[in-house]
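The values are calculated or read from the model by the stated rules, or taken from the named source; none is laboratory data. Predicted model only: the values in this text are computed from it and were never measured. As a convention, Cβ positions derive from the backbone with ideal geometry for all residues, glycine included, and neighbour counts pool all protein chains shown. Side chains included, ligands, DNA and RNA excluded: accessible areas come from the protein's heavy atoms. Shrake-Rupley method; radii C 1.70, N 1.55, O 1.52, S 1.80 Å.
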Amino acid sequence: MTDKIELLSLNAEELLRFVTEDLGESKFRAKQIAEWLKRGAKIDEMTNLSAALRAKIGEIAVANPVSIQESYKSRLDGTEKFLYRLRDGNLIEGVVMRYHYGDTLCVSTQVGCRMGCAFCASTLEGRVRNLSAGEILGQVVAANRHIQAQDAARRVHNIVLMGSGEPFDNYDNVVKFLRLVNSDAGLNISIRNISLSTCGLVPRIDQFCNEGLPVTLSLSLHAPNDVIRQKIMPIAHAYAYEDVIAACRRYSEKTGRRVVFEYALIRNMNSEVRHAEELARRLRGMRCHVNLIPLNAVKERNLEAPTKQDVAAFLKRLELKNISATVRREMGADIDGACGQLRRKYLSENN
Ligand code: SAH
């Protein structure tokens with residue numbers, strides 16, 4: 001891979017330096033370039049720059065390091081999946097979901113993942129590499145351009161960092177991405193419209209509390225206690241259940257945001273009413289919400305979803321114990337399964 005400068009990775013100050021120092025141009029060019037970048041333009045498309053200047057930029061820099069290789073749109077609900085290609089040929093995936101309040105984009109933070117959760121497709125071959133801030137932002141910019149081409153009124157309104165990868169295992173780039181996507185010069189997406197999902201790296205949660213980026217923290221809990229959590233999430237050996245919950249309480253107190261606990265329901269593992277009972281006990285008194293996700297069975301894994309009745313009984317027990325909870329609605333059921341599966345399917349079909 002050439003080591004060209006990724007313009008989308010630069011903040012306003014860095015872009016200004018690029019323009020004045022690397023290009024030797026006057027300052028106002030930075031604004032012009034930023035305007036093009038957020039619209040997903042290629043360098044060749046930046047028509048208010050001279051052809052000579054565009055050629056010069058193209059030699060040393062790239063605009064968006066991410067391009068949409070394939071897209072698949074659901075006929076059921078308009079959900080659209082993307083397979084993105086990175087400059088080194090790596091593939092990542094994402095999905096845009098249409099809700100009444102706007103489009104929500106799910107983005108990836110790493111190629112692969114090294115957290116090793118037993119139910120997840122993204123981690124099957126480990127972590128390939130971290131994504132740069134520009135590669136995370138590039139997904140948003142590319143998806144935005146793609147959906148606006150279909151309907152000019154659409155735009156990415158909410159972002160969930162719930163694609164492949166563990167955001168807190170790529171901490172600096174994720175924090176930089178959040179500042180970029182939120183900036184006035186960038187897409188100006190509100191931090192309140194962003195959710196970050198983590199398997200629970202306790203020191204990082206505490207560090208993140210102090211960044212002044214009060215996103216919704218989604219904590220992948222998936223169990224009511226250490227014993228079960230350790231069976232399905234290797235990270236549970238590193239951080240005790242109580243410590244994870246305590247870090248979430250601190251996050252909630254510091255940011256004023258309610259934490260969302262994600263709980264994948266797995267048959268014969270964590271989905272019985274007694275588990276709901278225990279979970280409610282552990283979360284008592286906390287400002288939180290539980291998001292129940294019936295397992296999206298991955299073919300390489302030997303785990304199954306519980307029955308609809310089991311899911312309903314689990315939800316009912318949480319409600320009875322005054323824990324706010326919902327079952328995640330399945331979207332785009334006709335286009336693909338759990339995250340990480342599209343990339344795997346594509347890789348196996350094209351090798
Ligand atoms: N590394 C982050 C983001 C992962 S993906 C994290 O662990 O939170 C977002 C959510 O999808 C996580 O809660 C993850 O545990 C869950 N998930 C992954 N594979 C799944 C599957 N096959 N079925 C249901 N949920 C799954």
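Looking only at segment 62-99, which residues have a backbone nitrogen under 16 Å from a spot 7 Å from the Cα of Leu124 in the C-beta direction?
The answer is 91-93.
Helix 171-182 versus the longest principal axis of the chain: what angle, 0 to 90°, nearest 10, using Cα atoms?
Its long axis makes an angle of about 70 degrees.
Kindly state, to the nearest 0.05, the FRET efficiency for Arg281 paired with Tyr72, given R0 = 45 Å and r defined as their beta-carbon distance. Don't jump to the answer; show the numbers that get you there.
Working: r = 42 Å, r/R0 = 0.93.
Plugging the Cβ-Cβ distance into 1/(1 + (r/R0)^6) gives 0.60.
Can you grab the distance from the C-alpha centre of segment 65-143 to the C-alpha centre of segment 190-214, Å, no decimals?
20
For the chain, what does the helix formula give at 222 nm: sum of -39500 (n - 2.57) over DSSP H segments with n ≥ 4, over the residue count, nearest 500 deg cm²/dmol? Intermediate values should be presented prior to the final figure.
On the way: 11 runs with 120 residues, N = 351.
That comes out to -10500 deg cm²/dmol.
At a Cα cut-off below 15 Å, give the aspartates and glutamates reachable from Lys27, other chains included and same-chain residues fewer than 8 away excluded.
Answer for Lys27, where 15 Å is the Cα cut-off: Glu13, Glu14, Glu35, listed by chain and number.
In whole percent, and with a 1.4 Å probe on the protein chains, what portion of the accessible area of the chain is carbon and sulfur? All intermediate terms of the calculation are to be shown ahead of the outcome.
Values: 7510 of 16020 Å².
Answer for the chain: carbon and sulfur cover 47 percent of the accessible area.
So, for segment 15-128, what is the accessible surface per residue at a probe of 1.4 Å, expressed in square angstrom?
46
Express as a percent, rounded to the nearest 5, the fraction of DSSP beta bridges in segment 77-235 (both residues included) that run antiparallel. Can you show the working numbers first?
Numbers: 14 of 25 bridges.
The answer is about 55 percent antiparallel.
Given Lys176/Lys321; Lys231/Lys308; Lys73/Lys321; Lys81/Lys299; Lys299/Lys321, which pairs have Cα atoms separated by over 31 Å? Write out the running numbers ahead of the final one.
Working: Lys176/Lys321 39 Å; Lys231/Lys308 23 Å; Lys73/Lys321 39 Å; Lys81/Lys299 19 Å; Lys299/Lys321 35 Å.
Those over the limit are Lys176/Lys321; Lys73/Lys321; Lys299/Lys321.
Of all DSSP beta bridges located in the chain, what percent are antiparallel, nearest 5?
Values: 21 of 47 bridges.
Counting only bridges with both partners in the chain, antiparallel ones make up about 45 percent.
Rounded to the nearest 0.05, what FRET efficiency is calculated for Arg179 and Asp88 with R0 set to 30 Å and r the Cβ-Cβ distance? Show your work: numbers first, answer last.
On the way: r = 25 Å, r/R0 = 0.82.
Between Arg179 and Asp88 the formula returns 0.75.
For Gly112, list long-range residues whose amide hydrogen, built 1.01 Å from N in the peptide plane, is under 5 Å from its own amide hydrogen.
Val128
On a 0 to 90 degree scale, rounded to 10, what angle separates helix 28-38 from the longest Cα axis of the chain?
40
Between exposed trypsin sites (Lys or Arg not before Pro) in the chain, where DSSP calls loop and at most 12 other Cβ atoms lie within 10 Å, what's the longest gap?
Excluding the exposed sites themselves, the longest stretch runs over 76-283.
Could you work out, for segment 157-250, what percent of all Cα-Cα pairs fall into each 5 Å distance bin, beginning at 0 Å and stopping at the bin that holds the largest distance?
Once binned at 5 Å, the Cα pair distances of segment 157-250 give 2, 13, 24, 23, 18, 10, 6, 3, 1, 0.
Using θ = phi - 60° and the Karplus curve 6.51 cos²θ - 1.76 cosθ + 1.60, what whole-Hz ³J(HN,Hα) does each residue of segment 3-10 get, with Gly and Pro shown as x?
Along segment 3-10, the couplings run 9, 6, 6, 8, 4, 5, 7, 8 Hz.
In whole Hz, with x marking every Gly and Pro, tabulate ³J(HN,Hα) for segment 244-253 from phi via Karplus 6.51 cos²θ - 1.76 cosθ + 1.60, θ = phi - 60°.
5, 4, 5, 5, 5, 4, 4, 4, 5, 5
Among Leu279, Val95, Val298, whose Cα sits farthest toward the positive end of the charge dipole of the chain (+1 at Cβ of Lys/Arg, -1 at Cβ of Asp/Glu, about the Cα centre)?
Leu279
Over the chain, what per residue volume does the convex hull of the Cα atoms give, in whole Å³? Intermediate values should be presented prior to the final figure.
Working: hull volume 49.1 nm³, N = 351.
Considering the Cα atoms of the chain, their hull volume per residue is 140 Å³.
Compute the normalised compactness of segment 97-210: alpha-carbon radius of gyration over 2.2 N^0.38 Å, N being the residue count. The partial results should precede the final answer.
Working: Rg = 14.4 Å, N = 114, 2.2 N^0.38 = 13.3 Å.
Compared with the compact-globule rule of thumb, segment 97-210 sits at 1.08.
What ³J(HN,Hα) values, in whole Hz, does the Karplus curve 6.51 cos²θ - 1.76 cosθ + 1.60 give for segment 110-119 when θ = phi - 60°, with x put for Gly and Pro?
Taking θ as phi minus 60°, the curve returns 9, 8, x, 6, 10, 7, x, 4, 5, 9 Hz for segment 110-119.
Please identify the chymotrypsin sites (Phe, Trp or Tyr not before Pro) of segment 1-107 that satisfy two criteria: DSSP loop assignment and at most 13 other Cβ atoms within 10 Å. Which are they? It would help to have the intermediate numbers written out before the result.
Numbers: sites: Phe18, Phe28, Trp36, Tyr72, Phe82, Tyr84, Tyr99, Tyr101; in loops: Tyr101.
Passing sites in segment 1-107 are Tyr101.
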